[in-house]
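K.L.:
Sharing a structure here in structure tokens format.
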Amino acid sequence: MKHEILYKPSYSLAVISLDRGEDITAEAGAMVSMSPTIQIETKMRGGLLGGLTRKFMGGESFFLNTFRAEEPGEVTLAPALPGDVVHLELNNEVLMVQSGSYMACSTDISIDTQWGGAKTFFSGEGLFLLRLEGKGDLFLSSYGAIHSKDLGKGEKYIVDTGHMVAFDQSVDYRVTRVGGLKSTLFSGEGLVVEMTGPGRVYIQTRSSDAFLSWLIPQLPRRR
């Protein structure tokens, strides 16, 4: 499998070239175009329970699409929102991905949800995170550009909940307030995630929640 990511970071497009017999699994709706030699199969990965869990608790699509090359060809993928796409290569590793940032991966990578406890409930990121494990290619998307931060052992870093994309399983995290109660309510930041290394954290430079907070008051109201 070969890939190229074009038009970064605002309107990224992943161009994935598949040799005969190669395949890739993608989030429903991510496909932009494909060669006529590519066959598409839509199914619930992980069965009915897995599909229901991803849909209602992980915020992902009920179905996933698998693109398989009968002969060499390409498939292009893009996120729903204007933003970036990043390619990662997992080598029998685990990556925790926030709802909405998963786009596509090799079929050898397992996709599951993991209970995050009350800390993810209060962060607004949903009760479950996607847990991706295995070996192969992984494509994540974001709203805005993707910025990575490497944390040393015991090193702490604070990220706004609306800007989280993914992090290594080795990174510990907890949701906390930014400053005191007044800052939490009126600073525009609300709750943040305190990350503790070692490991890498992936952040998106824009927040869809912040955009909606700006957009909704601008919309014309019915009189």
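K.L.:
Within the set of pairs 6+ apart or on separate chains, which have a first residue in the stretch 194-216 that is in contact (Cβ under 8 Å) with a residue 60 or more places away in the chain and on the phi > 0 side of the Ramachandran plot, a second that is crowded, with 20+ Cβ neighbours inside 10 Å and part of a strand (DSSP E or B), and C-beta atoms under 9 Å apart?
P.N.:
none
K.L.:
For the stretch 203-220: of the residues being touching a helix residue (DSSP H, G or I) at 6+ places or on another chain (Cβ under 8 Å) and assigned to a helix (DSSP H, G or I), which is nearest to SER101 (Cα to Cα)?
P.N.:
Looking at residues that are touching a helix residue (DSSP H, G or I) at 6+ places or on another chain (Cβ under 8 Å) and assigned to a helix (DSSP H, G or I), I get SER208.
FYI, it's all coordinate maths here, none of it is from the lab. Quantities reported herein were computed from a predicted structural model and do not represent experimental measurements. In this analysis, Cβ positions are derived from the backbone assuming ideal geometry, glycine residues included, and neighbour counts consider all displayed protein chains.
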